[in-house]
Structures are given as structure tokens and as C-alpha cells.
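First the structure, then my questions, so here it is.
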Amino acid sequence: MTKASEHILSVTALTEAIRTRLEASFPFVWVRGQVTNLAKPASGHVYFSLRDEECSLAAVWFKSDRKADQRFDPLTGEVFEGGPRPSLALTLENGQEVICAGRVAVYGARGQYQLIVEFAQDAGASRLHEEFERLRRKLADLGYFALERKRPMPPQPRRVALITSPTGAAVHDFLRVAQGRGLGSRVRLYPVPVQGEAAPARIGAALLRVADEGWAQVAVLIRGGGSMEDLWAFNDEAVARTIFGMPLPVLAGIGHEVDFTLADMTADLRAATPSHAAQLLWPDRAETARRLRVFAESLMRAADRSLEIRNARLTVLDRTLALLSPARRLAERQERLQNACLLMDRAWRDLFERCDARLQRLALGLAACPASLPGRKLPLDMLEGRVVQAGNRFLERSLHAGERLRLRLDALDPMAPLERGYALVRKENGAFVRKTSQAASGEALRLVVSDGEIPVRVEGETDHG
């Protein structure tokens, strides 16, 4: 065998080499084209070609790689609201433009490469995505989605304009959730179609009607889920422009949580679903009641603590006032005077008793010594006179001391000057007025006189000089 013959490949070897390179380079691709040469044999497989202006690509969609129906959009991942839809393989037609996803493989028996289809999507949906992106960029450049222009929802709105289909599930979900929330509101329904060619114009007209009536505090635009084609009315540029120009806040809840429309983006607030829209508008009534109970209990506890603090302070002030009261001082001094008088009286009696006992002893001594009586009578008389004088002087001093104490007590009596025509000025709260600066013009006062109180009122400006 020559050296050149070592580089000659068999058809199978070359085909395998091409298969290895090609399949490794294109493990998964998306291809767009027009369906031709469509064949649906009894095996259930679907054979067709994808063509564009210049080239053609063989494709096969094996029965094992598809399901009889589809629960979600393979391009967007969106779950179909109306339930599973038939597989595109069942409705595929020649001339239909589609987008196919799969892997590139080499069919050695014919020496050709082909696309093994795993997913397929009508190309019309792709055009909608392109149009959506074009409009989204345009409206974003115009500031339709700017956060700074978004208006807050009114708290606990009492008048709500609901724009939706009157027969769809969205309106029932919204109203069902709304019944258990808020503190009572009126919802006015503006019925419109939510899909189809007439839907954008009807939706825009309903929004303008809400704005013209001026009744609602907020406009709510809702619709249930669906495919991009189903939701396309809410991607209409005119609808977005109308929402942007609304004089009142707009809440949009279109489709499911994964669905985003231009109406959602332009609205002041987006809800994930129609039910979520009701939750954003009104707080849960049971939660509101619970929070009110918590606030009421906190308020009662705060009031109790405040009363306890004020009662304790009032008790302290009452005790302090009692200690500083002139009446209390006067009573204490009167009690001291009474005690002094009692002590003086007791001392006086003791003195006289001692003097009397001494006189008796002296008398007995004199009786026992009669011979000396005439000679000692004069000293005894002198002694008796001295005792009497001493007793009188002590009594006078005690009486003078008692009189001085009485005069001092009388001088300390706050009511004594009232007998001479003076008066005390007291405010309504009991405080005494000692200076003109403590009384304001028009203030009600009370004059305390000897036999009662006289209500008066300050007229003119008080002289603080």
C-alpha cells in the first residue's frame, strides 16, 4: 500500500468524521424558515424542509420528541391559561413560517445533514416579540416607564374604576378578594373586550371615560393570563399613551406573574395578577382589625402608666403642700402653746405644793417650839412675803410669756389681716397671686375675704412695673 493510499477515506469514515464535527459544533440551535416538502407518514414522525430565500434544510420531528399537546409556550415559557394546546406538529402546513429548535445531525444513508426538531413555534409569535421590544424601547426613551413619574395609590380608595371583561375570571377574582379587604368601597365596572382587534380602542375609550367623569380615585385595568397574542391588546401603543396621560393613578394587573405588557410598565403600579391588584389597593380587613386592637391595647397601657405617674406625683405634691401649709404650722404652734400651758400649770401647782408642804413643816416646827415663836415670827413673816412675791413674779412672767406666744401666733395667722379689710387673691387652680405678672388680662380670679370668696376677672393690661 502506497503512502498516498493511507489518506484515502471511505465514505463511512468521512461521513462519521463530518458527523462528529458537525454535531459537536451545533448541539442545539434555533432555525427560522418556511415549511416545504411536508410529509406525515403513519409512523407519526413529521418530515419537512425549512427554506429561506437561498437555502433549504431538511428537518425531522420524531414522534418521541414531542407531546400530543403543549402546556406552555416553548419560546417564552409562558403557561397557557386556557389549558394545553395541540402540538404544532398536528397543524403544520406547507408555506407556514416557523421557528424550530433542535440539534444538527448527519443522516449517513443519504449523505446529508438535517435538523432533529425538539421544539417548534409559529414565527408569528416571534414577530410579536420583535414588535414588543421595538415599542418597549420607544416608550422607554419617551419616559413612559420612569419611576419618578409613578404616582402612589390612594390609601383605602373608596371609588374604584374597574376596566375589564365582565365575563372573564379576572373580574370575579378581583371582586372576591376585594370583599374581604378595606373598609368599604364602591367599584364601578367599565366593560371592555380584553383581546381581539377592537380591544385596544375600547380599552383606551374606557380609560378616557373614567378620566372625564372624575368620579374614581384610581383606575384598575385587569385581565387573566394568556399567550402573547391573547395579551397583545395591552401592548398597543395607543393604550400605553392613554395610560401615560391619565390624570389619576392607574393600577394594571395583566395576566400572570410572568406576564409583562406595555400597559403594566406604563401604569403607576403593576400587580402580578388580578387578585393581587385587589390586595395592593386595600389592606386585609382582619389584619386591620388586629392592628387596631393592638393599638387600642397599647393606648390603654400608656394611659394607665400616665395616670399612675400623675397620681404618684399628685400624692407627693399633696404631702409637700401639707408640710408647707400655714394652717399646719399654726396647728403645730397651737399644740406647742397648749403643751407649754399645761407644763406651766403643772409647774405652778408643783411649786405651790412644795411651798405649802414647807409651810406645813415650818408650822409644825413652830408648834413644837412655842417658846421661840415670838422671836421667829418676824423672819417667818418676811419669808412668807418673799415666797408670795416670788410666786407672783413667776406667775406674771409665765402670763407675759404666754401672751407673747399668743401674739406671735396671731401675727402668723394668714386669716387675721382679712378681719382688717385685707384680701387674698387666688387663681382658679388654687394658687395665690403674689405679683401682677402672675395675672393675665381677662383671667378669672377669686378674692378671699374674712367671710368667704368673691369671683372677679382681670380687666385691661396688668402693670408689671
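Listed here are the residues, each with its yes/no results for (1) closer than 27 Å to T242 by Cα; (2) assigned to a helix (DSSP H, G or I); (3) touching a residue at least 12 places away in the same chain (Cβ under 8 Å).
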{"residue": "E133", "(1), (2), (3)": "yes, yes, no"}
{"residue": "R136", "(1), (2), (3)": "yes, yes, yes"}
{"residue": "F145", "(1), (2), (3)": "yes, no, yes"}
{"residue": "E148", "(1), (2), (3)": "yes, yes, no"}
{"residue": "V177", "(1), (2), (3)": "no, yes, yes"}
{"residue": "P193", "(1), (2), (3)": "yes, no, yes"}
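Is it the case that L343 is outside any helix (DSSP H, G or I) and not polar (S, T, N, Q)?
Judged against the criteria, L343 is not a match.
Same structure, new question: Do we have L248 as closer than 27 Å to L183 by Cα, in a loop (DSSP other than H, G, I, E, B) and either touching a helix residue (DSSP H, G or I) at 6+ places or on another chain (Cβ under 8 Å) or in the same structural domain as Y190 (by TED's automatic domain parsing) (or both) here?
yes
Every residue in the range 1-60 that is of a type in the set (F, W, Y) and without any contact (Cβ under 8 Å) to a residue 24 or more places away in the chain, please.
Across the range 1-60, the qualifying residue is only Y47.
While we're looking at this one, here's another question. Only one residue in V192, V258 is surrounded by 22 or more Cβ atoms within 10 Å (Cβ to Cβ), touching a strand residue (DSSP E or B) at 6+ places or on another chain (Cβ under 9 Å) and of a type in the set (V, I, T). Which one?
It is V192.
How many residues does the range 200-233 contain that are in a helix (DSSP H, G or I) and either touching a Leu at 6+ places or on another chain (Cβ under 7 Å) or among the aliphatic types (A, V, I, L, M) (or both)?
Summing the residues that are in a helix (DSSP H, G or I) and either touching a Leu at 6+ places or on another chain (Cβ under 7 Å) or among the aliphatic types (A, V, I, L, M) (or both) in the range 200-233 gives 10.
So that you can scan it fast, the table gives a plain yes or no per residue for (1) crowded, with 21+ Cβ neighbours inside 10 Å; (2) of a type in the set (V, I, T); (3) farther than 20 Å from P152 by Cα:
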site	(1), (2), (3)
D212	no, no, yes
G224	yes, no, yes
L251	yes, no, no
L269	no, no, no
A272	no, no, no
H276	no, no, no
R290	no, no, yes
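It is to be established whether one or more residues within the range 301-313 are in the same structural domain as M153 (by TED's automatic domain parsing), free of Cβ contacts under 8 Å to residues at least 24 places away in the same chain and surrounded by 10 or more Cβ atoms within 10 Å (Cβ to Cβ). Outline the logic, then answer.
Step one: of the range 301-313, the residues in the same structural domain as M153 (by TED's automatic domain parsing) are none.
No, that holds for no residue.
Residue pairs, Cβ under 6 Å, 6 or more apart or interchain, first in the range 417-432 and modelled with pLDDT of 80 or more, second not charged (D, E, K, R). List them.
A423/L447; A423/V449; L424/V448; V425/V433; V425/L445; R426/F432; R426/V448; E428/A444
Being touching a residue at least 60 places away in the same chain (Cβ under 8 Å) and at negative phi: is that true of I163 here?
no
Right, here's the next one. Pick from the range 418-446 the residues that are exposed (fewer than 14 other Cβ atoms within 10 Å of the Cβ) and touching a Leu at 6+ places or on another chain (Cβ under 9 Å): which of them is farthest from L330 (Cα to Cα)?
Among them, the one singled out is E428.
Taking S325 as the residue in question, decide whether it is without any contact (Cβ under 8 Å) to a residue 60 or more places away in the chain, surrounded by 11 or more Cβ atoms within 10 Å (Cβ to Cβ) and polar (S, T, N, Q).
Numbers: without any contact (Cβ under 8 Å) to a residue 60 or more places away in the chain: yes; surrounded by 11 or more Cβ atoms within 10 Å (Cβ to Cβ): yes; polar (S, T, N, Q): yes.
Considered against the rule, which asks whether it is without any contact (Cβ under 8 Å) to a residue 60 or more places away in the chain, surrounded by 11 or more Cβ atoms within 10 Å (Cβ to Cβ) and polar (S, T, N, Q), S325 comes out as yes.
Another question, if that's okay. Can you tell me which residue within the range 172-188, out of those that are among the hydrophobic types (A, V, I, L, M, F, W, C) and surrounded by fewer than 17 Cβ atoms within 10 Å (Cβ to Cβ), is modelled with the lowest pLDDT?
Among those that are among the hydrophobic types (A, V, I, L, M, F, W, C) and surrounded by fewer than 17 Cβ atoms within 10 Å (Cβ to Cβ), it is L183.
Just wondering, is there one or more residues in the range 195-203 that are within 19 Å of P152 (Cβ to Cβ), modelled with pLDDT under 95 and acidic (D, E)?
Taking every residue of the range 195-203 in turn, none turns out to be within 19 Å of P152 (Cβ to Cβ), modelled with pLDDT under 95 and acidic (D, E).
The values are calculated or read from the model by the stated rules, or taken from the named source; none is laboratory data. Just so you know, these numbers come straight off a predicted model, no measurement behind them. Every residue, glycine as well, gets a Cβ built from its backbone with ideal geometry; the counts of neighbours run over all protein chains shown.
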